[in-house]
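Everything on this sheet refers to the single structure shown next.
The values are calculated or read from the model by the stated rules, or taken from the named source; none is laboratory data. Given the structure is predicted, the values throughout are model-derived calculations rather than measurements. Ideal geometry is used to build each Cβ from the backbone, glycine not excepted, and the neighbour counts take in all protein chains shown.
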Amino acid sequence: MIPEIKKWSTIEAIKAISSDWPIKPLLSFANKDKNSFVNGPFGSDLLSSELQDTGVPVLYIRDIKSGRYQRKSTVCVSEGKANSLKACQTAYGDVIVSKVGDPPCEAAVYNDELIGIVTQDVIRIKTTSFQNSTFLAYLINSDICKRQVKSIKISGTRERVSLTDFKKLKLPFPSDPEQTKIAQILSTWDKAIETVEKLIENSKQQKKALMQQLLTGKKRFKEFGVPAKDGELPEGWVQSSAGENVDLLSGFAFPSSKYQGSGIKLLRGINITCGALRWREGDIKFWPNARDYEKYILEVNDVVISMDGSLVGRNYSLITKENYEPMLLLQRVARLRCKDRLHHNYLYLHIASPRFENYVDVVKTITAIPHISAKDIRSYPLSLPPFEEQLRIENVLMNAQAEIDLQENKLIKLITEKKALMQQLLTGKRRVKIDTDEPATATA
């Protein structure tokens, strides 16, 4: 059974470490070679004019995500420039750490066969072996290290740490065999997590393709007719618009000076995310009561869309029995309530489809805050099949989403269990067996 996660303070984290493990500065994990623990070049050492599309890859903090090296950058330097920056080069098996972030100090093992160059916001650590690097990356990403990072981080537009302070962090230093075994066990969990992530991504791509086919009639159920030809409307379908099939209402400008600490919730754009409602502490605003504002009260089966923001057209949700509570509609949020011939789930699937996303990208107004109007939403072209066919389409797509939800719940469970196991293994509260002929196992 995986132990419950405990959040430690910095002192508690250090005290929790097994008494027979020495506590050493983070610098101790680096090998003894010169420049084994560095960050990238500063200022004139690497100019933007020296960056190019091909050559030796340059590593940025965006290439370190979720404890892995995942190259997002496309920037390179010439081999000559890379050779002049040998101290900042990274090779297969090195640990790379983000100096900047929210929070800073996310670590990963560099697993590319190509030599790379780290930038000034990335720390590179060379250890004695790949397994030592793997262990160190887990340790830096653990609560033991994160608690200490909070005490050294430098606040600003973006939080950061200094290389000098980072080297001094105190961390447990088990023997090499224990480091290897712990790394092997946690790597097994990472492989399971990656497998589920790939399944989720594949399922999402399959659902996306299926949506494109079903919502345009290019794929149909036999009992409803033949699929549509390119550029044609399927037999029995009606070319319409969202405005002809929904009652659309824009929210009211409730004055912020009269917001209350309790009452009826105000649904704002910030409370709507991709396919869900989000109520975070500090984001919840209330109105004293709904008197005189009854028409702005949301109901089950309403679809809501945020009308502005960087993700305009991508922040939407369906009000269901599960997420319903009394809510008033605030300005810059649109409420779509279906008329008789349009089913709410079918409308929601259209709003969640790439087709609607592409439509919004065309019609949105680009200003400091991108936005769409109620007129834009009403004008969305809606290919409308008979009501019974709508129900069949949404049933297939809802089942596909249910499978994705199951896999995402499994992923959350795996990540939570791995985090709890990390805290136990990396403090020595749960010890590993060191048997050279047996696979790594953990004991309580």
Number of positions in region 387-425 that are more than 23 Å from residue 204 (Cβ to Cβ), charged (D, E, K, R) and loosely packed, with under 14 Cβ neighbours inside 10 Å: 1
Would a scan of region 249-258 turn up a residue that is part of a helix (DSSP H, G or I) and among the aromatic types (Phe, Trp, Tyr)? no
A careful count of residues in region 1-44 that are among the basic types (Lys, Arg) and at pLDDT 70 or above gives 3
Unmet criterion (only one of (1) free of Cβ contacts under 8 Å to residues at least 24 places away in the same chain; (2) at negative phi; (3) more than 26 Å from the chain's Cα centre (by Cα)) for residue 292: (2)
How many of the residues in region 101-126 are out of contact with any Phe, Trp or Tyr (no Cβ under 6 Å at 6 or more places or on another chain) and either outside the structural domain of residue 72 (by TED's automatic domain parsing) or among the β-branched types (Val, Ile, Thr) (or both)? 6
When you look at residue 154, is it surrounded by fewer than 19 Cβ atoms within 10 Å (Cβ to Cβ), at pLDDT below 95, of a type outside the set (S, T, N, Q) and assigned by TED's automatic domain parsing to the domain that holds residue 104, yes or no? yes
Out of 242, 183, which single residue is under 24 Å from residue 342 (Cβ atoms), surrounded by 19 or more Cβ atoms within 10 Å (Cβ to Cβ) and either more than 31 Å from the chain's Cα centre (by Cα) or not polar (S, T, N, Q) (or both)? 242
Lone unmet requirement of (1) assigned to a loop (DSSP other than H, G, I, E, B); (2) within 30 Å of residue 388 (Cβ to Cβ) for residue 243: (1)
Take residue 261 and tell me if it is exposed (fewer than 14 other Cβ atoms within 10 Å of the Cβ), out of contact with any His (no Cβ under 8 Å at 6 or more places or on another chain) and in the same structural domain as residue 332 (by TED's automatic domain parsing). yes
For residue 166: the one exception among (1) at pLDDT 95 or above; (2) farther than 23 Å from residue 68 by Cα: (2)
Yes or no: residue 142 surrounded by 17 or more Cβ atoms within 10 Å (Cβ to Cβ), small (Gly, Ala, Ser), in the same structural domain as residue 41 (by TED's automatic domain parsing) and modelled with pLDDT under 95? yes
If you go through region 295-314, how many residues are in a strand (DSSP E or B), touching a residue at least 60 places away in the same chain (Cβ under 8 Å) and over 12 Å from residue 337 (Cα atoms)? 1
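Rundown of residues vs (1) modelled with pLDDT of 95 or more; (2) touching a Leu at 6+ places or on another chain (Cβ under 9 Å); (3) over 24 Å from residue 43 (Cβ atoms), yes/no style:
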{"site": "71", "(1), (2), (3)": "no, yes, yes"}
{"site": "78", "(1), (2), (3)": "yes, no, no"}
{"site": "109", "(1), (2), (3)": "yes, yes, yes"}
{"site": "114", "(1), (2), (3)": "no, no, yes"}
Going through region 92-145 one residue at a time, which ones are in a loop (DSSP other than H, G, I, E, B) and acidic (Asp, Glu)? 94, 102, 106, 112, 113, 121
Would you be able to say whether some residue in region 54-65 is in contact with a strand residue (DSSP E or B) (Cβ under 9 Å, 6 or more places away or on another chain), within 30 Å of residue 17 (Cβ to Cβ) and surrounded by fewer than 19 Cβ atoms within 10 Å (Cβ to Cβ)? yes
